[in-house]
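Report on the structure given below.
The values are calculated or read from the model by the stated rules, or taken from the named source; none is laboratory data. Quick caveat, the model's predicted, so the values are computed rather than measured. When we count neighbours, we look across all protein chains shown, and the Cβ atoms used for this are built from the backbone with ideal geometry, even at glycine.
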Amino acid sequence: MRIAGILLLLLLDQVSLASPDSVHTDSAKKAKEKAAHLRLTSRIHSKGMFFYSGRIITKNPVTDINFVYDRKQWGFLFFKAIDLVDRNTDINFSLAVLYKNFKLGNRVTITPNVGFILEQKKSVADQGSDAVTIVNTAVKLNRNFTFDNSAIFGNLFITNEYNWTNRFRLLFSEKHVDATAYFWHNNKLFDGTGYASTGMTVSYSRMKLSEHLSASTGISGLLMLNSNDQEDFPMHNGILFVLRSFGKYLFSIRAQGQNL
């Protein structure tokens with residue numbers, strides 16, 4: 001089935017003898033640091049693909065929302081996807097996780113996520129709903145490139161159908177252009193079934209519509225390389241188009257964010 005990142009901290013010098021104006025300025029900066037960062041993204045896809053798993057799940061158009069509440073070192077993400085034609089496909093689900101960022105120097109950030117996935121074909125939580133753990137590791141290579149890995153561990157407590165998928169990404173960003181190369185590997189450690197896939201996304205992003213609202217449009221391609229279980233992981237290749245609106249409040253630009 002799409003990931004927390006590097007938050008830039010302001011280093012404030014503490015001066016024992018300061019003028020009233022400088023004290024007021026420092027207080028304002030500290031208050032701003034403590035503010036939460038809210039981000040709401042809505043998208044429409046020509047086909048249904050979950051960017052954490054690297055599979056096209058439905059050929060129907062899909063819409064989703066991605067809400068992030070982010071503080072300095074931790075945050076909350078909620079994701080909801082809906083098949084616009086058929087409510088019985090596997091793309092009808094919700095994901096909710098709590099995450100915490102651990103910085104290792106200036107370039108590496110490790111972000112564990114703990115939460116649950118709710119299958120929602122018929123109700124709020126159908127059979128198959130279970131806990132999930134995601135461990136993101138992001139490396140800022142330079143101003144334009146970031147490499148990351150997301151290790152997704154699903155079906156941990158209820159179904160006992162343990163699953164482990166690794167997603168590798170190389171992200172490029174420059175002005176309004178974003179490009180991401182993907183490789184997914186669902187290994188056979190727990191259940192004996194697995195697959196590998198690869199893909200590419202190119203988008204024209206950060207088109208400002210208002211002070212707090214931006215838009216982007218893009219195209220994604222997916223190629224299934226192999227699968228040893230055609231029933232659960234069919235060899236569906238395809239190209240999908242994405243239109244996204246992006247709202248942000250008290251936001252900070254992040255090298256690697258919690259976006260699916």
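Scanning segment 48-89 for residues that are among the small types (Gly, Ala, Ser) and in a strand (DSSP E or B) returns 48, 75, 81.
With respect to the conditions (1) closer than 27 Å to residue 240 by Cβ; (2) under 19 Å from the mean Cα position of the chain (by Cα); (3) aliphatic (A, V, I, L, M), residue 85 lacks only one, and its number is (2).
Scanning segment 187-201 for residues that are crowded, with 16+ Cβ neighbours inside 10 Å and of a type outside the set (S, T, N, Q) yields 194, 195, 196, 199.
The rows are residues; the columns are (1) among the small types (Gly, Ala, Ser); (2) more than 21 Å from residue 152 (Cα to Cα).
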residue	(1), (2)
212	no, yes
234	no, no
241	no, yes
245	yes, yes
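If I ask for residues that are over 22 Å from residue 235 (Cα atoms) and either β-branched (Val, Ile, Thr) or surrounded by fewer than 17 Cβ atoms within 10 Å (Cβ to Cβ) (or both), which ones from segment 159-179 would you list? Selection gives 159, 160, 170, 172, 174, 175, 176, 177, 179. The lone criterion from (1) surrounded by fewer than 17 Cβ atoms within 10 Å (Cβ to Cβ); (2) among the aromatic types (Phe, Trp, Tyr); (3) within 18 Å of residue 133 (Cβ to Cβ) left unmet by residue 184 is number (1). Hey, can you tell me all the residues within segment 90-106 that are assigned to a loop (DSSP other than H, G, I, E, B) and surrounded by 15 or more Cβ atoms within 10 Å (Cβ to Cβ)? Correct list: 90, 91, 92, 101.
Only residues that are more than 18 Å from residue 173 (Cα to Cα), under 14 Å from the mean Cα position of the chain (by Cα) and hydrophobic (A, V, I, L, M, F, W, C) were counted in segment 133-155, giving 4. Taken as a whole, the condition of being within 22 Å of residue 149 (Cα to Cα), modelled with pLDDT of 95 or more, of a type in the set (A, V, I, L, M, F, W, C) and surrounded by 21 or more Cβ atoms within 10 Å (Cβ to Cβ) applies to residue 77. Within segment 114-135, residues that are more than 30 Å from residue 148 (Cβ to Cβ) sit with their Cβ atoms under 7 Å from residues that are part of a loop (DSSP other than H, G, I, E, B), at 6+ positions apart or across chains, in these pairs: 121/87; 121/88; 121/92; 126/120. The single condition among (1) surrounded by 16 or more Cβ atoms within 10 Å (Cβ to Cβ); (2) under 17 Å from the mean Cα position of the chain (by Cα); (3) at pLDDT 85 or above that residue 254 does not satisfy is (3). Any residue at all in segment 187-195 that is modelled with pLDDT of 90 or more and under 20 Å from residue 45 (Cβ atoms)? For segment 187-195, residues modelled with pLDDT of 90 or more and under 20 Å from residue 45 (Cβ atoms): absent. Within segment 43-74, the residues that satisfy the criterion of being surrounded by fewer than 21 Cβ atoms within 10 Å (Cβ to Cβ) and of a type in the set (Val, Ile, Thr) are 44, 63, 65.
Might you check whether a residue that is of a type in the set (Gly, Ala, Ser) and within 25 Å of residue 99 (Cα to Cα) occurs anywhere in segment 189-200? For segment 189-200, residues of a type in the set (Gly, Ala, Ser) and within 25 Å of residue 99 (Cα to Cα): absent.
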